[in-house]
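Below is one structure; the comments refer to it alone.
Each value in this text was obtained by applying a stated rule to the coordinates, not by laboratory testing. Here the structure is a predicted model, which means the values were calculated and not measured. For neighbour counting, all protein chains shown are included, and Cβ atoms are generated from backbone atoms with ideal geometry for every residue, glycine included.
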Amino acid sequence: MSGSLHLGDFTSAANVYGAGGMPRYYGDALVASAASDPRVVALGADLSAPTETDVIRDAMPDRFFMVGIQEANLIGVASGMAKMGDIPFANSFSVFLTRRCYDQIAMQVAYPKANVKLAGFLPGLSTLLGVSHQAIDDIALMRALPNMTIIEPGGPDQIVPAVKAAIEIDGPVYLRLQRADRPLQKDQTLPPFELGKAQTLKDGADVAIVASGLMIGQARQAATKLSKRGISTAVVNLHTIKPLDRNAITQWARRCQLIVTAENHSIIGGLGSAVAEVLAEENAGARLVRVGLKDRFAEGGSLPYLLQKYRMSADAIVEAVVEAS
Amino acid sequence: MASNLEQIANWIRRRDLQSVYEAGAGHVGGEMSVIDILTALYFRILSVNPEQPQDPDRDRLVLSKGHTANALYVVLAKRGFIPQDEISTFLKPMSRLNGHPNRTKVPGIETNTGPLGHGLPVAVGMAKAAKLDKAAWRTFVITGDGEMQEGSNWEAIMAAAQFGLDNLTLIIDHNRLQQGARLLDTNNLAPFAPKLEAFGWAVEEIDGHDMDAICAALSSETVVKGKPKCVVAHTNKGQGISFMSDNVAWHHKVPDSVQYEQAMKELEGTAS
Ligand SMILES: Cc1ncc(C[n+]2csc(CCOP(=O)(O)OP(=O)(O)O)c2C)c(N)n1
Ligand SMILES: [Mg+2]
């Protein structure tokens, strides 16, 4: 197990220092956006390299502003700049960006519909650093705020369309981002997405796994395994968690007997809850199983270890389906 | 001849480095800068008993810069709070020794830290509780200098002065570097001393790698009645290892085998 300890963790040297030719989808997308739109600026709270904002800091120093380790102030400054017509991207780890300054986000970003983009990293269990750095409730928090759009790209290559979509929205957006920790393999690439429209990655008739972020990979593996057992399994990328594609969820629920939500987040308040609300309100029929962190704090560990331990791996999804069918 | 405390600190530096190297992760720069302070606290200043980690009369230490947890684990092991064998489990599956300290798992840890700016407010609460009980034990808290950019610290600084918490000592590990750059190029709070003084604290500035100076500044004899105390400890990130010293790249970089050998050799060279 120890061989996989560094996976997906920002402390791995290559990730932090941009060595090894690691693609920097977010950093590059931010620079491209700032180059084509003079309103785009970036704000940092230390953590430049782990949020890839060293790219814009170095390429366009007059468009990057470092406030220091002070996330509450970060949000206030971003809101002020947005109200003056800029499009600020506020960057930090998801956990500090959302939980730490919720009141500032609620009252200075969401309520006044300030054109602030929140770019958070280290989603869910994707860090060795432990509970203090694991954002397990960020989606729940952001989802509860009126006017907030939430996008979690299905993979690093969907970060570019996500940044574009965020800029096109005139209002608050939370981007839940995971950095690429190695060059993408062919079978890991995803088509670009349309904001607000659930994306079918694999069709199926018995079970639909609705997932987001890094759980897309687990869902795809699970679907392959289930199909081999004769259970026809669809995989749906729910990259836009708010506003939710209610139509797509209802249709999947009419078509399949079982919906499985797979999220790198607490099962309370996130994607699983959002889907459950739709199923209940639409009386859509399908059973629902939520895969995710089950109302507990986790611990530090490598991502594969934690996914396995907390029953969120591809195998755990398969088991959940088999148990429910 | 190095003093006993210096020898202990040297051992802790080596064990810390080995642990980060073997785990393949950690925050070695900030660990090297805080180890002398932790050593002085646990081996000279703090009244604590590894046999009774929950002794109600113990002194309290909060490591607010929780990312340097490994240094604290090594110190706690050396002092007998946890088995020394356990250090090698740092960051491993099932280990109690996570990347940030956990109060419910590790004896000797007074509060969970990790999000910067949490430790000082909690320490103010502990010191206030001691006053309430008319207890004699003291509370110490260590923050990073970059960490002091968090506004929560300054709220706590006001509260501590208002409460007159002379049983509280804040040690700022002033190594001039934060995660990605110098404080100077980020949000330059320095100098700290006049700011703390303006908030009503007693302040002392020391060389944070001089054991005698650390012990003197933390001794109960230098407490100023009615005022919380701040010790601005001038330190080096990566202290003791030439190529890490004062180099921001080593905030959470992990040495390769060549760098590890060289760093060990340098530390061994100053071992006694
Ligand atoms: C609230 C919060 N924001 C950001 C971080 C990420 N982070 C971890 S260590 C660090 C830099 C800390 O610098 P400093 O306080 O000077 O510590 P030291 O130099 O002693 O390592 C940052 C930004 C965090 N842990 N908590
Ligand atoms: Mg520092």
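Some notes on this structure:
- In this simple spin-label approximation, B:D133 and B:K265 carry label points 7 Å from Cα along the Cα→Cβ vector, and these lie 5.1 nm apart.
- Backbone geometry of the stretch A:258-263 corresponds, through the Karplus equation with coefficients 6.51, -1.76 and 1.60 at θ = phi - 60°, to 3J(HN,Hα) couplings of 9, 10, 10, 9, 10, 9 Hz, x marking Gly and Pro.
- Distance in nm between pseudo-label sites at B:T222 and A:Q251 (7 Å out along the Cβ direction from Cα): 7.2
- In the protein assembly as shown, the DSSP-assigned H stretches of four residues or longer account for a calculated mean residue ellipticity at 222 nm of -10500 deg cm²/dmol, using -39500 (n - 2.57) per stretch and the full residue count as denominator.
- Inter-centroid distance (Cα atoms) of the stretch A:34-52 relative to the stretch A:156-191, Å: 15
- Spread over its residues, the convex hull of the C-alpha atoms of the protein assembly as shown is 153 Å³ per residue.
- Cα centroids of the stretch A:288-325 and the stretch B:142-212: 42 Å apart.
- Estimated translational diffusion coefficient (Stokes-Einstein, Kirkwood radius over Cα pairs, 4 °C, 1.567 mPa s) of the stretch B:1-156: 82 µm² per second.
- Point-to-point label distance, B:E51-B:M94, nm (Cα→Cβ direction, 7 Å offset): 3.1
- In this structure, the residue pairs whose Cα-Cα separation is over 26 Å, taken from B:K78/B:K195; A:K113/A:K197; B:K78/B:K237, are B:K78/B:K195.
- Altogether, the Stokes-Einstein calculation at 37 °C and 0.692 mPa s, with the Kirkwood radius of chain A over Cα pairs as Rh, returns a diffusion coefficient of 167 µm²/s.
- Calculated Rg and Dmax of the stretch A:162-224 using C-alpha coordinates, Å: 13.7, 39
- For the stretch A:247-325, chymotrypsin sites (Phe, Trp or Tyr not before Pro) meeting the loop criterion (DSSP other than H, G, I, E, B) and having at most 16 other Cβ atoms within 10 Å: A:F297.
- Surface/4 estimate of mean projected area, convex hull on alpha-carbon atoms of the stretch A:196-324, nm²: 7.0
- Compared with the direct C-alpha span, the chain from A:S325 to A:R287 gains 12.7 nm at full extension, assuming 0.36 nm per residue.
- Length gained on full extension, A:S232 to A:M107, computed as 0.36 nm times the residue gap minus the Cα-Cα distance: 40.4 nm.
- For the stretch B:2-268, the direction-averaged projected area of the alpha-carbon convex hull comes to 12.9 nm².
- Proportion of all alpha-carbon pairs of the stretch B:137-272 beyond 18 Å (%): 59
- Using the Karplus relation 6.51 cos²θ - 1.76 cosθ + 1.60 with θ = phi - 60°, the per-residue 3J(HN,Hα) values for the stretch B:176-189 come to 6, 10, 10, 5, x, 6, 6, 4, 3, 9, 10, 6, 7, 7 Hz, with x marking Gly and Pro.
- Axial C-alpha extent at least 15 Å, average Kyte-Doolittle at least -0.5 - helices from chain B (DSSP): B:28-40, B:119-132, B:151-163
- When the P(r) is computed for the stretch B:212-259, the part past 13 Å accounts for 69% of the Cα-Cα pairs.
- For the stretch B:1-75 versus the stretch B:222-246, the gap between their alpha-carbon centres in whole angstrom: 14
- When the P(r) of the stretch A:7-177 is calculated, the portion above 24 Å amounts to 26% of the C-alpha pairs.
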